[in-house]
1. If you take the residues in segment 19-36 that are assigned to a helix (DSSP H, G or I) and touching a residue at least 24 places away in the same chain (Cβ under 8 Å), which one is surrounded by the fewest Cβ atoms within 10 Å (Cβ to Cβ)?
2. Surrounded by fewer than 15 Cβ atoms within 10 Å (Cβ to Cβ), outside any helix (DSSP H, G or I) and in contact with a helix residue (DSSP H, G or I) (Cβ under 9 Å, 6 or more places away or on another chain): does that describe residue 62?
3. Does at least one position in segment 90-106 carry a residue that is without any contact (Cβ under 8 Å) to a residue 40 or more places away in the chain and touching a strand residue (DSSP E or B) at 6+ places or on another chain (Cβ under 6 Å)?
4. Condition test on residue 15, is it part of a helix (DSSP H, G or I) and within 28 Å of residue 116 (Cα to Cα)?
5. Are any residues in segment 37-59 touching a helix residue (DSSP H, G or I) at 6+ places or on another chain (Cβ under 8 Å), surrounded by fewer than 16 Cβ atoms within 10 Å (Cβ to Cβ) and not in a loop (DSSP other than H, G, I, E, B), and if so, which ones?
């Protein structure tokens, strides 16, 4: 898990993404506890409020939940929520612009697929 302090994105958003990545890779399993915001702030040398803000984004999205007095836990279905969110984002950020540009250039779906398959070996 790594944060990039030179990245334009706010640290708390990067932190939320790092935690999501850990969930997707199985480092944090559903219904298990994640490290505390204090541990996060020490590990990454960031303000505890910044760590809390990143974690709270995931709470608001239903990816994490708090057990009073115990800490933060990964919600059931968290991995699927993250996958859906990221797939939707991928579609909006990459697929729709690609299809728009392909349409302007009269590139067919088959040609796009051939381009993708041809780039796999590169």
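Each reported figure results from applying straightforward, stated rules to the coordinates on display, with no laboratory input. Keep in mind that what you see is a predicted model, and the values were worked out from it rather than measured. Positions of Cβ are generated from backbone atoms using ideal geometry, with glycine treated the same way; all protein chains shown enter the neighbour counts.
1. Start the filter on segment 19-36 by keeping residues that are assigned to a helix (DSSP H, G or I), which leaves 19-24.
With the extra rule that they be touching a residue at least 24 places away in the same chain (Cβ under 8 Å), the set shrinks to 19-20, 23-24.
On the way: 19: 26, 20: 23, 23: 24, 24: 14.
So the residue we want is 24.
2. On the way: surrounded by fewer than 15 Cβ atoms within 10 Å (Cβ to Cβ): yes; outside any helix (DSSP H, G or I): yes; in contact with a helix residue (DSSP H, G or I) (Cβ under 9 Å, 6 or more places away or on another chain): yes.
When the stated conditions are applied, residue 62 passes them.
3. Pass one, segment 90-106, residues without any contact (Cβ under 8 Å) to a residue 40 or more places away in the chain: 90-106.
The next check asks that each one be touching a strand residue (DSSP E or B) at 6+ places or on another chain (Cβ under 6 Å); those that pass are none.
No - not one qualifying residue is present in segment 90-106.
4. Values: part of a helix (DSSP H, G or I): yes; within 28 Å of residue 116 (Cα to Cα): no.
Against the criterion (part of a helix (DSSP H, G or I) and within 28 Å of residue 116 (Cα to Cα)), residue 15 does not qualify.
5. Within segment 37-59, 38, 48 meet the criteria.
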